[in-house]
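Okay, structure first, notes after.
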Amino acid sequence: MNHEHPTRYIRVIVDRAIHRELDYSVPETLADRVGVGSRVRVPFREKSALATVVAIPEQSEAKGIRPIEAIVGDAPVLTGQLLELARWIATYYCCPIEGVMRSVLPQVIRRAEVGWKKQLFVQPPHNLDQEEIEKLRRRAPRQAELLDAIAKLEKPIRATELLRQTSLDNQTLRALAKRGLVELREQAVVRDPHGDEQFIATSNLVLNEEQTHALKEVAQALDAPENARPILLHGVTGSGKTEIYLQAIRGSLDRGRTAIVLVPEISLTPQTVERFKGRFAEAQDDVAVLHSHLSEGERHDEWHKIHSGRARIVIGARSAVFAPLRNLGLIVVDEEHETTYKQEEAPRYHARDVAVVRAKMENCVVVLGSATPSLESYHNATIGKYRLVTLTQRVDQNQMPLIRVVDLRQERRKEKRASILSEKLSQAIAARLDKREQTILFLNRRGFSTSLLCSNCGEARNCPNCSVALTFHQHFFQGGSASPKTTSGRLSCHLCGHTAAVPKKCPACGQDALIYHGFGTEKVESTVAQIFPQAVVRRMDADSMTRKEAYRETLRNFRTGKIDILVGTQMIAKGLHFPNVTLVGIINADLALHLPDFRAGERTFQLLTQVAGRAGRGETPGEVFVQTYTPFSPSIQFARHHDFTGYFQQELEFRERCDFPPFNHAILITVRSAHEGRAKLSAETLKRRLSEVFPEEFILGDATPAPLEKLQGQFRFHILIRGEAIMRLSRLVRETLDKLPFPEDVTVTVDVDPYQLL
Ligand code: ADP
Ligand code: ZN
């Protein structure tokens, strides 16, 4: 390893939450194999622990220094640049660096317990003695037969494959090996998650005018990345953003550099993978895929494929932003507004923002794409931090779908009760069925009924662990994959997973007066099936998609027209292309609007626009029905007119008036405990301490019960802090927390730039 002095000491971050870097000495025999980014095993307290080398100091002041025990894995796994990125994350997101390391390096790499999968390969022979073969033919005809097959080999073949082809057995092969007539060798085989798929090669499409302009912007940035600003690609659904990504990646490769594409996990469908693998099919190894459904072995192999430089393109979900590519030229963040880019456990980083920071550190271009950019990114574009590039036209020149708002208040007056399908939406569905066109119905709430109430005493069945009502599921899926079974009728908590049987009488007052209230996707499905008995109705949500294959299967059946109406949650709102869908119904647009969250309006606008983008991709223009009790809310009205700019402007004004992001940064501190009083007291003490050190310019909120007061048996209190100088704010919070001793049963979490305000 090259540094100026011999490696006698190393500074490491141990994989334990100790918030400190430690020094160890390196035995001479290991010295030339360790470098910054290496993984090592070190003595730690009374045991040993794994650690990452972060520096090679010349001297160490530490007392009682101990030698490391071993080096884990071969080469350093972490580049200096990724280490710097990890440090930035720890400071910005106010979290310990050990935790960040856990996100940067997948567990399978950190532990280095899983290796390459080795298999026995039969090597092609060099020179076979013909005489010997003839002798063998008399004595052991089967061995001779196998040897004949081996003689024809041009390259090594998997032993199992050879035996399968020749219908001979392992014993025969062993016998030949023993005679020294064949050579067997163990070789690594790659566990490629997409290895058994064929990708049809595609080539660049001829870009339209807007696309050409957009690609030119990216190309210019690729030519001079050091001066380039992040590019915000705002393009309506179907405007051909992906084609621009593909050609931009090609541009990066042509300049001898690599590329990362981030997509939300939910959009990382076989279809998406195929688009990328197909375009770069000339060398399939070029594209590595990282997502949460990989097996440990697959993850190991994909990661090493990237680390060794064999893969030059990485497509993946959130954590792929840490893909160990060298010479990074481009990071694409598709659907940059997606909140799933934010990790909801420590380290609570936002992959889009980390992408922007990594791009800056590594001098590479970053493209953020969306049909509905986040307010944060749009604001950055308005003030010139980002470069805004827009695509206003659909590639196929199709009209934007017609959005019709259905006022549920009027429906209720007519029907005297809340209906699931308004008359207008029902008629629209019927018309589609007649024309053999397809419909998507969207509702962001699972289950059958959202609560079970007693009409006598008014008690709702609440979760014992959380402050929410239990949802009634008519078909309830239980158990792991071993023996899954569906039981009928059960109450379930969507927050903690608690389930309960449905009581016959009200447990509070004993009366037989229980009524079901509210509805979820399960009820929509059954209602629709009742109204349209001739239609094939299927549901797609977390409950119905518990089987791994179910998702692909349902999508395939929908694509091939075997399903007329697809009911689902956000699972169906994202990035799916179905040309025959001409109607989208949004069953209740108000679900997000009434959450106590300053982003509620933004989420509703995005959702409506994204869902609407599913309609009318074919020849026929699409129609969208939005059912709502608040037809005049701005997010619904602007979405209806496809007026992005209008929406952004009014929403930005609102945020500025209230000092909310993007005009400020926010930090949300949550203090929780099973003991309500201790949680409250700790939160109030923390607030007091913060107020002592906080400068005027920061807005420090009171310690208040969280909107979701109780979650998984824990009482929760919030402190919301806002301010512009986020790094300073983070540091103050960290310092204050480090000085405060909290009772053992009190947990404090810090969320910088929070997305979950419940
Ligand atoms: P977006 O990502 O903006 O929603 P896509 O990139 O998925 O849009 O493009 C929508 C469809 O248009 C895709 O089927 C794509 O292959 C096609 N397409 C994109 N660009 C072109 C082009 N220049 N010429 C013809 N078809 C295109
Ligand atoms: Zn619960």
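The values are calculated or read from the model by the stated rules, or taken from the named source; none is laboratory data. Computed from a predicted model, the values in this text were never measured in an experiment. Here the Cβ is made from the backbone with ideal geometry for all residues, glycine too, and neighbour counts use every protein chain on show. Keep in mind that these areas ignore ligands, DNA and RNA; they rest on the heavy atoms of the full protein, side chains included. Shrake-Rupley method; radii C 1.70, N 1.55, O 1.52, S 1.80 Å.
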Which percent, nearest 5, of DSSP beta bridges in the chain are antiparallel?
-> 55
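Take every Cα pair under 8 Å in the chain that's 6+ residues apart, average their separations, divide by the length, and report that relative contact order as a whole percent.
Values: 1427 pairs, mean separation 80.1, N = 758.
Relative contact order of the chain: 11 percent.
How large is the convex hull of the Cα atoms of region 665-752 per residue, expressed in Å³ as a whole number? List each step's numbers first, then the result.
On the way: hull volume 7.0 nm³, N = 88.
In region 665-752, the Cα hull volume divided by residue count equals 79 Å³.
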Rg/Rh for region 300-446, where both radii come from Cα atoms and Rh is the Kirkwood radius = 1.12
Scattering from the C-alpha atoms of region 210-289 alone, worked out with Debye: what is log10 I(q)/I(0) at q = 0.16, 0.19, 0.24 1/Å?
-> -0.66, -0.94, -1.35
Could you do me a favour and compute the accessible area per residue for the chain, 1.4 Å probe, result in Å²?
-> 47
Would you mind telling me the share, in percent, of accessible area of region 209-396 contributed by carbon and sulfur at probe 1.4 angstrom?
-> 47
Per-q log10 I(q)/I(0), the chain, q = 0.07, 0.08, 0.11 Å⁻¹ (Debye; single scatterer per alpha-carbon; no solvent) | -0.63, -0.81, -1.39
Take every Cα pair under 8 Å in region 665-752 that's 6+ residues apart, average their separations, divide by the length, and report that relative contact order as a whole percent.
-> 48
Roughly speaking, what % of Cα-Cα pairs in region 229-334 are separated by over 16 Å, rounded to a whole number?
-> 56
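Between the DSSP loop rule and a limit of at most 13 other Cβ atoms within 10 Å, which trypsin sites (Lys or Arg not before Pro) in region 399-449 are left? Don't skip to the answer; put the middle values down first.
Values: sites: R404, R409, R412, R413, K414, K416, R417, K424, R432, K435, R436, R445, R446; in loops: K416, R417, R436, R445, R446.
Filter output for region 399-449: K416, R417, R436.
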Accessible area of I699, 1.4 Å probe, to the nearest 10 Å²?
-> 60
Can you list the trypsin sites (Lys or Arg not before Pro) in region 535-628 that are in a DSSP coil and have 16 or fewer other beta carbons within 10 angstrom?
-> R547, K562
At a probe radius of 1.4 Å, what is the per-residue accessible area of D15, in Å² to the nearest 10?
-> 40
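Can you list which of the trypsin sites (Lys or Arg not before Pro) found in region 306-362 are DSSP loop residues with at most 16 other C-beta atoms within 10 Å? If you can, show how the numbers build up before the last one.
Values: sites: R310, R312, R318, R326, K342, R348, R352, R358, K360; in loops: R310, R312, R326, R348.
Taking region 306-362 and a limit of 16 other Cβ atoms within 10 Å, the loop trypsin sites (Lys or Arg not before Pro) found are R310, R326.
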May I ask you to rank K680, K155 by accessible area, largest first, using a 1.4 Å probe over the protein chains only?
-> K155, K680
Taking Cα atoms only, helix 676-693 is inclined relative to the longest principal axis of the chain by an angle, in degrees rounded to 10, of 80
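In square nanometres, what is one fourth of the surface area of the convex hull spanned by the alpha carbons of region 209-396?
Numbers: hull surface 41.3 nm².
For the Cα atoms of region 209-396, the hull's average projected area reads 10.3 nm².
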Just from the alpha-carbon atoms, what are the Rg and Dmax of region 124-182 in angstroms?
-> 10.5, 28
Could you give P(r) for region 1-73, binned at 5 Å from zero, as whole percent values over all Cα-Cα pairs?
-> 3, 18, 33, 28, 13, 4, 1
Only helical DSSP H runs with n ≥ 4 go in: add -39500 (n - 2.57) per run for the chain, normalise by residue count and round the 222 nm mean residue ellipticity to 500 deg cm²/dmol.
-> -10000 deg cm²/dmol
Under 4.7 Å Cβ to Cβ, no partner at all: give me those cysteines from the chain, in residue order.
-> C94, C95, C364, C496, C658
